[in-house]
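The values are calculated or read from the model by the stated rules, or taken from the named source; none is laboratory data. What you see is a predicted model; the values in this text were computed from it and never measured. Counting neighbours? That spans all protein chains shown, and the Cβs are built from the backbone with ideal geometry, glycine included. Each accessible area value is taken on the protein alone, full model and side chains, heavy atoms only, with ligands, DNA and RNA left out. Shrake-Rupley method; radii C 1.70, N 1.55, O 1.52, S 1.80 Å.
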Amino acid sequence: MGLFYNRRMIGQGKNGLRRPTDRSVRVRGRRQSGAAHRPFLRPVGLRWDRILLPVLLALAAPSASAGSSFDLSGPPLDVKVTRGGRTLPISQVPNLKAGDRIWLHPNFPESQTARYLMIPTFLQGSTNPPPEKWFTRAETWNGKIREEGIYVNVPPSAEQTLLFLAPETGGDFTTLRSNVRSKPGVFVRASQDLNQASLDRARSTAYITAITRISETEPANLQEKSRLLARSLDIKVDDACFKKPEAQQLACLTQSDSVVVLDDGHTQSTVAALTSGASADLIGQLSSSPMAGAGVYSPYVGAIVDVVRIMDGIHTAQYQYIPALGQTEGEELNLKLNSPPSFTNPKSVLTVGLPAVAPVQVPPLRAIDPDRIYCATARSFVLPVDNAPLVYATALGHDYGLRILRTKGDPLDLPAHPVAESGGFLVEISPTEIASLDPEMVGVLHGYWGFEPFDGPSFHLATARAGTWSPLGGADPESLVVGREDTLLLQAHSAACVDDVSVEEPDGRILKASYKLIKDDELQVQLPLQDAAPGRITVMLRQAGLPSPDQVHVQAYPEAAHLRSFTIHAGDQTGILEGSQLDEVSKFSILGVAFVPQELSRKQGGEELVLKASGSAAALEAGQTVTAKVVLKDGRKLDLVTTIERARPKVTLVGKSFQLGPSAGPTPIHLSNQDELPQDSILTFVLRAEVPAEWSRTQKLEVGAADGEFGVSLSVEDGSLTLQDESTVLATLNPLKSFGPSAFGALRFRAVGDDGAVGDWQPLGALVRIPTLKEVRCPPVPDRPCSLIGTDLFLLESVAATSSFRNPVEVPLGFAAPALEIPRPDGTLLFLRLRDDPKATNLVSLPVLPE
């Protein structure tokens, strides 16, 4: 869902230096896709009253409140775009194209007394001042313009579009045009940030609107639907809200601190053209200029501060520029301002970002589960889709449909609608259309993104079929037992179409049964047999689109524990009892040693019950044939004959040490946790044989990850085990060579006997990867942060200047730069935590050099 970072984030500027950005930003950084390939981390989770200022506040009066929210309504406009003979409202236009005809209509109220010049403007990148003819002067108080609006055409080679609303003054048009032409890069950046802010705000607004509606109409479904909303809109939601009383959940979920708009590739690519090519070059130069803080802030994230400093130098005594966010609904473009306009010097010029003149970026819709089968015979069904939040938050996409390919006849097109709280596209189908479907089909989601048609992901579809159910062996109907809830697994190709399950018990009672789809053709039904009598049970499964339910008949039997076997090795404290209905076992003992029931699990053909000795089980010797005494919960007593198995191998870890490998070289990092084992080291550890008392030359040792992802077998034969004496062995392990460069995490070991019997896993340590740290570079200004220089810095989880780890700098996922902004160290000491073991705080001593 995203990560919270309450710290100085790290971004990358054009010159490769790592630089701090905003001081209190919740972000998620991803690799940028589309036309722009410059790496950056973008602030995406700020409150609206903090993030939507990055571009044009530079030209606002110093008294304008930078913390006010965009809740003031500006003058309304009507906008439409015509391309190739087709006209769309502005709400459905994600991009502009050379030759597009834009209709602009100042839909001002009759009571409007202030006279505004409307100046649509086209830009051609950061390094090229636009021609004077690309500025159009329209007097909104002119009767004809007020009645009919104006048309402007997108000129060839245009890249960005801005719309200015300027108060009428002498020389107003000429002054504004001069400002823009003298500083085109500033206004290119303005266009980018205004578009980005509007798109992010659309996602947040869609979330808040939907969550409020759900809280009022479906409060019981608030948690489930809010998570679907968060997935659809790529929003981070604070899960702690759901732990509050129901009456407080809505307020919590709609607080700005609990809602974080996350970075997504589609929103980035929609505005990517604004940060590519010459535009990106100039932005990079500006961000590293002395005027912009000498490279303190990254090109993208630094827009919040950099552009303010850059543009502050070009405001005039007559004008101040204030940002206006556009909220679209049909052809209406409603402007939202963060501060009230001024009609006295310096007068406010409202600046509105229109879609970029760039290639269209169609939404990269992704099926949540592309292999799943969906039921097409339901009157409506949802196809889960994510990876394109603008599809759910805006009207840029339209005329969606599902095209079903049939073996006979033309494809069937069904209407589809994105529904964020459902987590996908809602498809509706009529009974007549259902009758024309094949048993198995493929459907392709499609639609229009602006003027461009596109195809989305495909889905596997099936229709309901009657009477095709068969029980699976994992839940053998012959083993169903009354007196408890039992599980029945059923198989059918149309299992996805089941929308209701009920059970008729032997006495005629009909009860609802819970169920879930565990595979496309497998249904798990929980049979409510707690109060049922033994006899025939009828399971009734209703499928969408079928007039009557399918019936599956099974037999329920009275409870009776069946004991098949008990396995225990000499020297062990636990054993495994196999059989059925083992939850009825109350007591178990062998030769006076009492065992206590532990975990019960079902498996193919029966159950397994773990039994643990309550005292010492040393009296149980290998080879003994003994009779176990079993008492059931109802008082019945059973006997079970078993043989004590041979003892499993057992070893004890005596000691361990490591030396850095030849390729690693010395490291300034001093590991504080003795259980941390560097990956590029030679690990040696000593083991003493316990069972058997001597270590055989054919005995082996297994070392691997605690999660079983990787492992290696050590032996005397391959030289990785060396006998010190008959019971002591020295093990040598090169983790990098044995496991590869991506191995990390908890390591464990166990002995393997001559006969293949394995001992218990025992912890060995934590395998960690260590970055190469070279030096610290600090600027002469004391309050400026320093840079940590090295390689593989992504292996760091965080860095702090004090051992108490106050105000650490956390390293974001995907970090790949050779320098990391860190707090200024006290002397030459720093403290860090490794990503592979973030609980341990390690000391590092590095030379501190001037920057």
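Points worth noting:
- About the Cα centre, charge dipole magnitude for segment 579-675 (Lys/Arg +1, Asp/Glu -1 at Cβ), debye: 140 debye
- Protein accessible area in segment 673-783, 1.4 Å probe - carbon and sulfur %: 49 percent
- Qualifying GluC sites (Glu not before Pro) for segment 108-176 [loop in DSSP, other Cβ within 10 Å: at most 12]: Glu110
- Mean Cβ neighbour count within 10 Å, used as a protection proxy, ranking 93-99, 693-699 highest first: 93-99, 693-699
- Per residue accessible area of segment 472-554, 1.4 Å probe, in Å²: 43 Å²
- Estimated dipole of segment 679-829 in Debye, rounded to 20 [Cβ of Lys and Arg +1, of Asp and Glu -1, Cα centre]: 660 debye
- 11 Å beta-carbon shell around Ser727, net charge (K/R +1, D/E -1): -3
- Placing unit charges on the Cβ atoms of the charged side chains and taking the dipole of segment 696-831 about its Cα centre, the candidate lying farthest along the positive direction among Pro779, Gln699, Val758 is Pro779.
- Scaled against the 2.2 N^0.38 Å expected of a compact globular protein of N residues, the Cα radius of gyration of segment 85-215 reads 1.20.
- Inter-part distance where segment 580-653 and segment 654-711 are each reduced to a Cα centre, Å: 35 Å
- Scanning residues 5 or more positions from Ile822 or on other chains, those with amide H under 5 Å from its amide H are Cys786, Ser787, Leu788, with H placed 1.01 Å from N in the peptide plane.
- P(r) weight above 15 Å for segment 597-668, C-alpha pairs, percent: 78 percent
- With θ taken as phi - 60° and the Karplus curve 6.51 cos²θ - 1.76 cosθ + 1.60 applied, the whole-hertz 3J(HN,Hα) list for segment 772-787 is 9, 9, 9, 6, 10, 10, 10, x, x, 6, x, 8, 8, x, 9, 10 Hz, x standing for glycine and proline.
- Neighbour-limited loop hits for trypsin sites (Lys or Arg not before Pro), segment 391-490 (at most 10 other Cβ within 10 Å; DSSP other than H, G, I, E, B): Lys408
- Positive-end extreme of charge dipole, segment 452-554 - chosen from Gly508, Pro549, Phe454 (charges on Cβ): Gly508
- Rounded to the nearest 20 debye, dipole of segment 342-423 from Cβ charges on Lys, Arg, Asp, Glu: 100 debye
- Filter on Lys225/Lys512; Lys612/Lys633; Lys236/Lys336; Lys97/Lys336 - keep pairs with C-alpha separation over 22 Å: Lys225/Lys512; Lys236/Lys336; Lys97/Lys336
- Karplus (6.51, -1.76, 1.60) ³J(HN,Hα), θ = phi - 60°, over segment 386-400, in Hz, Gly and Pro reported as x: 9, 6, 8, x, 5, 4, 8, 9, 10, 9, 4, x, 7, 6, 6
- Computed over neighbours whose Cβ is under 13 Å from that of Pro155, the net charge equals 0, Lys and Arg +1, Asp and Glu -1.
- Per residue, the solvent-accessible area of segment 736-851 (1.4 Å probe, heavy atoms of protein chains only, all protein chains present) comes to 47 Å².
- Segment 399-460 and segment 737-769 have their alpha-carbon centroids 51 Å apart.
- Distance between segment 113-172 and segment 515-551 - C-alpha centres, whole angstrom: 67 Å
- Selection from Thr205, Gln192, Thr217 lying farthest towards where the dipole of segment 164-233 points positive, charges on Cβ: Gln192
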